[in-house]
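Right, one structure below, let's go through it.
The values are calculated or read from the model by the stated rules, or taken from the named source; none is laboratory data. Quick caveat, the model's predicted, so the values are computed rather than measured. Virtual Cβ from ideal backbone geometry, glycine too; neighbours counted across all protein chains shown. What goes into the accessible areas is simple: the full protein's heavy atoms, side chains included, and nothing from ligands, DNA or RNA. Shrake-Rupley method; radii C 1.70, N 1.55, O 1.52, S 1.80 Å.
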Amino acid sequence: MSHENELPISRTETANSKNNEVSMAARSHADLNPESVKGMSTAIDMPTVSNEKVDDICVDDDDEVDKKPGYIQKFYRRYIMFFHLAYFLIFTGFLAAAYALQVPKGYNQENLILGLIYAFVVLKIIFNYIPTTIITKPWMYCVRAVGKPIMKIPKTYRTIAYGFLVLCVIVATVFGLPEKPESTRLQRLVALFGMVVFLAILYITSRNRRAINWNTVFSGMLLQFILALFVFRCTVGHDIFQWASTFAQGYLEKASNGTSFVFGETVANSGIFAVSVFPTIIFFAATVQVLYYINALQWLLKKCAVFFMSILQVSGAESIVAVASPFLGQGENALLIKPFLPYLTCSEMHQVMCSGFATISGSVLYGYIAMGVSGEALLTSCIMSIPCSLAVSKMRMPEVDEPLTANTISVPPNDDRPSNILHAAGIGATTGINIVLLMIANLISLLALLYAVNAGLTWIGNFITIENLTLQLITGYIFVPVAWLIGIENKDVVTVGQIMATKIWANEFVAYQALITTYKGILSERSILITTYALCGFANLGSVGMQIGILSTLAPKRSGEIAQLAVSAMLCGAACTFISAAIAGMLS
């Protein structure tokens, strides 16, 4: 590193060197007191980080532990150009044949998805031989050319102008869309007002209002709104997410084959909650581990994290966790940055927890879909939670320190790398079993406690002639204003308030079950859709205990701080789902 300024080395080599330094420093100083080093890169001999340009972000696709390549690997690497050419010719021939047969039949979602996959594969192959600088350099030149006069404006005025621009875009879009009987402009106005109220509450309760990075907040809200607009009002976006929902349902449904083999067709088709949901969780956990083994998951996470890191100006660790949360869920997402956990700043730790609370995981997705919840709404809400969780958490707990991964994106390798794909699937299944057992314990204990409290309240209520007095009924009225602010129809606000209270006290499983069964035919379609978004997150009291337990195990010296941040992060996670629901109320 001492000759870095003297030798003309490539950008990739520089990035890899920085990334290796971060990983080695985090591992070699794991026994230090995190209170003295968190947020201070120079305290553990780290290179000073600053707000550098996007080109300097570290992205290393070769994070796995080096091992001696076998004969087949050597042969493949030697003739990789010919293999790539073969891939291109085979895929192009298949696409041409498929389109020749399918296009005359009319538009089909499958044709769209096949075309997108083909474009991705071709571009991936091309950029193995053509540097991405042919795109990034002109792009960055245009950005700097446009930004140069803008940067001369005082920062305060720039921030106000950017916020006003974002507000104008949202308002113009929401009220410019055609009015529908189930979505009047008055209802959209209420939802817009609700989003502003939620953001105002976050600002008022912020730990340090002067330190809020408004670029992160405004950009996060804008990205979330654009994602929702892409799904609700764009045919292509709607078709992509509808196909993704169908694919996810069809793929995860394959777990029923294993269930039938083990328990028999009668049990597999019984419709029992545990039989329908838990095997799917085990199957998905195995799938995630396989994707991790072949480096597909790391690649996807890092590429997405680069985007959010550069646009929202957050650290690499936060970006990785935020992007991973819809796939892995709470707790497991933090494993991706395990070496950095003891050194996270207070703001980063809060954001890691908030990301887990703001979304559901892919492992429980099929369970909700099987219950009758809209898969498209669930997927959209999960993706919308990525920028929203970053924006909301940074309002409540702004960054005041210097993150260790301020300009670095790295997914450290597994401590115990599987021997092969089957071994990886087995490890994933073991993880799935642990998740299932934890869910069983939480469901049994929390529901038992909830019904015990409700029994006591009902007994007390009978003395004063209040029938069926329950915790959901009492706290449900507290959520009535929230239900109104997210755009729920007036006749449904009390009912939805009780459902939201059920989610906080029990969990989203119980709340969705009530939404689909108990209140089926009572709520309007608009109210059901918005409520689906409002419930789509792990923000409940049971999850608070789970996150504290998992993160405290990974970073034991930060356990006290984690416990202090947990409730705040849960409330921020709930706020994310409310904001997503409000945006759904504007655009539905």
message: What do you get for trypsin sites (Lys or Arg not before Pro) in the stretch 172-218 restricted to DSSP loop and a cutoff of at most 16 other Cβ within 10 Å of the site's Cβ?
response: Arg207
- prompt: For helix 80-102, what angle does its Cα long axis make with the longest principal axis of the chain, in degrees from 0 to 90 and rounded to 10?
  reply: 40
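Is the shape of the chain best called rounded, prolate or oblate, per the rule: a/c under 1.5 gives rounded, else a/b larger than b/c gives prolate, else oblate, with a ≥ b ≥ c the square roots of the Cα gyration tensor eigenvalues?
In terms of gyration-tensor shape, rounded.
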- line: Residue-ordered couplings for the stretch 214-221, obtained by feeding phi - 60° into the Karplus form 6.51 cos²θ - 1.76 cosθ + 1.60 and rounding to whole Hz (Gly and Pro as x), are 5, 5, 5, 5, 5, 5, x, 5
- prompt: How high is the FRET efficiency from Ile440 to Ile150, r the C-beta distance, R0 51 Å, rounded to 0.05?
  reply: 0.40
field: Table column - 3J(HN,Hα) (Hz), the stretch 277-286, Karplus curve with 6.51, -1.76, 1.60, x for Gly and Pro
entry: 9, 5, x, 5, 4, 5, 5, 5, 4, 5
Angle in degrees between helix 133-151 and the longest Cα principal axis of the chain, rounded to the nearest 10: 60
statement: Karplus-derived 3J(HN,Hα) from phi for the stretch 345-357 (6.51 cos²θ - 1.76 cosθ + 1.60, θ = phi - 60°), whole Hz, x at Gly and Pro, runs 6, 4, 5, 5, 4, 4, 5, 4, 6, 4, 4, x, 6
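State the percentage of accessible surface on the chain attributable to carbon and sulfur atoms; use a 1.4 Å probe and exclude ligands, DNA and RNA.
C and S atoms contribute 67 percent here.
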- prompt: Per residue, how much accessible area does the stretch 444-587 show when a 1.4 Å probe rolls over the protein heavy atoms, in square angstrom?
  reply: 40
task: Would you please name the trypsin sites (Lys or Arg not before Pro) within the stretch 131-178 that are DSSP coil residues with at most 16 other C-beta atoms within 10 Å of their C-beta?
output: Lys152
statement: Given unit charges at Cβ for Lys, Arg (+) and Asp, Glu (-), the dipole magnitude of the stretch 444-587 about its Cα centre in debye, nearest 20, is 240
- line: Of the listed links Lys148/Lys394; Lys152/Lys338; Lys180/Lys394; Lys124/Lys254; Lys74/Lys303, those spanning more than 32 angstrom between alpha carbons are Lys152/Lys338; Lys180/Lys394
message: Using only Cα atoms and rounding to the nearest 10 degrees, what angle (0 to 90) does helix 525-535 make with the longest principal axis of the chain?
response: 60
query: Placing +1 at every Lys and Arg Cβ and -1 at every Asp and Glu Cβ, with all other atoms neutral, what dipole size does the chain have around its Cα centre, in debye to the nearest 20?
result: 1040
query: So what is the 222 nm mean residue ellipticity for the chain from helices alone, if each DSSP H run of at least 4 adds -39500 (n - 2.57) and you divide by all residues, rounding to the nearest 500 deg cm²/dmol?
result: -23000 deg cm²/dmol
message: With the cut-off at 1.5 for a/c, could you classify the stretch 444-587 from its C-alpha gyration tensor as rounded, prolate or oblate?
response: oblate
task: At most 13 other Cβ atoms within 10 Å plus a DSSP loop assignment makes a site exposed; report the longest stretch of the chain without any exposed chymotrypsin sites (Phe, Trp or Tyr not before Pro).
output: 130-588
